[in-house]
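The next block holds one structure in the form of structure tokens; read it before the comments.
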Amino acid sequence: MNQINPDKLLQPLQGNKPDSPAIKLMLAEVYQSQVQQLTDGRFRLQLPSPQGALHIVLPASASAAVQAMLPAIPVNPQGSLQQLQLQFQPLANGQLQLTLQTAVNTLSIPLSATQVRQLLAISVPGSTTAQATIPARLLPAAAAVTLAAPGFNPVPLSTQTQQALSAMLPLLSGATAQLMLKLDTSTTDLQLRLIAVPAHSNQGNTTGNSVTLQKSEQAAVLQQLVRLFNQQAGTADTTKLNPMLQSALQSVLSAAPAALPAQYKLQLQQQTGQWQLQLSTAPVSSKINVPADDISRPLQFVASPNQSSNEKTPLNASNTSAALQQTAQQAVQQAWRHLLPLLPATADPLAGTADLPEPVQQILQLLRQSQPDGAKVQTPQHITQQLASLLQFQPLQPAATVQSSGGALAAAIQLLLGNLLQRPPALATMPANQRLVQLVNQLEPAQAGNLLRQLAGHSSTLQQSQLATLDSNNAAQQQLLLQLPLQLAGQSVFSQLQVEQREADGKQGGEKQTQWQLTMKFDLQQLGQLLVVAKLQQQQLQLQFYTEQQHAKQLAEQFLPLLKDRCNAQGLEVSQAECVLGKIPDSLLPRANSLLTVKV
């Protein structure tokens, strides 16, 4: 097996270009590159860097793999460039191994109420496509009558709906009588009705035999229909769908504004009253070996600061990248563990004051707008997007946009760094970031530096929970810690979330049972602190609220019945739900970051 020496690994990789200054690159770092097809059919990568642009011409044997990743790339040296993620790995034979990967692309197609009606009706087994009707049945329950359908979790019906249905019950007495759930279209959205079809009657004759569901009931049923559709259409291979659903999707996707990839995943969602069909492509990667002569500049790969260049231990080419990446992560984590306990509690770093320059105030306002509004009910899609951006947050992450709180903060930090270095980052060309780019370009160097230090305090709070997650995870217990910034009364207030899997109380069948626990800590300002503990074991859910103020306890107790009903609508059985007065901990983060070790 070939072995390489770390000293040689960190030397500049240069072919026949000894006079060009070397470009320093970090092993295992993900870079954002631009790819372009040349007139001879080969592809060229362009990577901007502080030392100048780096160009890499890929061998002709790799053209087919790159073309498959970018099917619509123009054959023109002056044409538009497309983005690819790029990683470098030097090989023992003097060549360079490149790992190319496409980003996850999404496309949203707006849908009319008629199109949504057709897609939802087809997704339910036993439905009638032409009339968009779904077979349904009524189930008696302890608290109320529930509505059931194939693939549904039972939906509780209100007293008004039950009273209206009582007049239809005689029509359902026959052996062949049916209760159908019909999807109608209004001028802007869907309407759901329950139809009684008597024995030996045509389903189309529904005059006087229908009841329109209440808005809350319609929302619960639509949520079930969307879930069934997404379960079927979420596969990347759309050829495996049932023929009726596949045909309906083809008619919808024929009006897509862009060429569709070969494989994609589909999700139906509703945002601000507008139905959308979201298409997302999975990332595609390819490894390509490039000779040093095809690289425009010599390269020097930089190891982590705590790895001495005098170390002579041989490293295998296959694990060099992993070893250097692990060492770099350990050094960064150790440095932050020593620094974070010394950071004092400061005011909101995103708060704007009248004495700040106008561009700075507008940048801070844009960052605040990217955070969820704590005074408004957020959609599940918006919450998922915000949590994903915080889980993936890195100050120098590629392709960051202002569409989420984590992405907006990373984009602002990178644009400020680019302003100080006079080298705009790759994300400066993204359409979603143009407003932020314009504001950053108006700043003077001193203003950009001050704002960068101000945003670093906000960034350190997000990274603190990431480090706490790394510290707390072990082989016996896995947990996730997250700090979610919310806008409350014009201030950024961090809410803390902890998700963990732990051993449940008691045993079943002589075996240990596990349960999921979600702990959430909220700062409600004038109402004080609120701690929520949710424990889920199979379909059993326990909810425990803790607060320090009597008024907050009364408000929580008023809210609990509605929360229980919504949990039941999701198929969860709430066995306990109460709110009690108690002492709320200052933080959910473990206090493992300390400069002192006390031994007893």
For this session: Taking 7 Å along the Cα-to-C-beta vector as the label spot, tell me the Ala65-Gln250 distance in nanometres, rounded to one decimal.
Result: 3.4 nm
For this session: Could you calculate the FRET efficiency of Gln539 with Leu391 from 1/(1 + (r/R0)^6), where r is the beta carbon distance between them and R0 is 22 Å, rounded to 0.05?
Result: 0.25
For this session: Step through the table entries Lys215/Lys376; Lys215/Lys535; Lys215/Lys564; Lys265/Lys287; Lys182/Lys535, compare each Cα-Cα distance with 27 Å, and write down the pairs that go over it.
Result: Lys215/Lys535; Lys182/Lys535
Problem set entry | Euclidean distance of C-alpha centroids, region 349-382 and region 531-575, integer Å | 30 Å
For this session: Can you figure out the FRET efficiency of Thr106 with Ala167, using R₀ = 41 Å and their beta-carbon distance, to the nearest 0.05?
Result: 0.30
For this session: Would you mind checking the radius of gyration and Dmax of region 349-471 based on alpha-carbon positions, in Å?
Result: 14.2, 41
For this session: Calculate, in nm to one decimal, what Gln434 and Thr353 gain on full extension: separation in residues at 0.36 nm each, minus their alpha carbon distance.
Result: 26.8 nm
For this session: Within the set of other residues whose C-beta is less than 15 Å from the C-beta of Thr384, count the net charge using Lys and Arg as +1 and Asp and Glu as -1.
Result: +2
For this session: Kindly state, to the nearest 0.05, the FRET efficiency for Glu573 paired with Thr159, given R0 = 30 Å and r defined as their beta-carbon distance.
Result: 0.85
For this session: Could I have the simple spin-label model distance between Leu470 and Gln491, label points 7 Å from Cα toward Cβ, reported in nm to one decimal?
Result: 3.1 nm
For this session: Please give, to one decimal in nm, the separation of the simple spin-label points placed at Ser210 and His382, each 7 Å out from Cα toward the Cβ.
Result: 3.2 nm
Exercise. What full-extension length gain, to one decimal in nm, is calculated for Arg227 and Thr272 as 0.36 nm per residue of separation minus the Cα-Cα distance?
Worked result: 14.4 nm
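Taken together, the values in this text are just the output of simple stated rules run on the coordinates, not laboratory data. It should be emphasised that the depicted structure is a prediction, and the values quoted were computed from it without experimental measurement. Note that we place each Cβ from the backbone using ideal geometry, even for glycine, and neighbour counts take in every protein chain shown.
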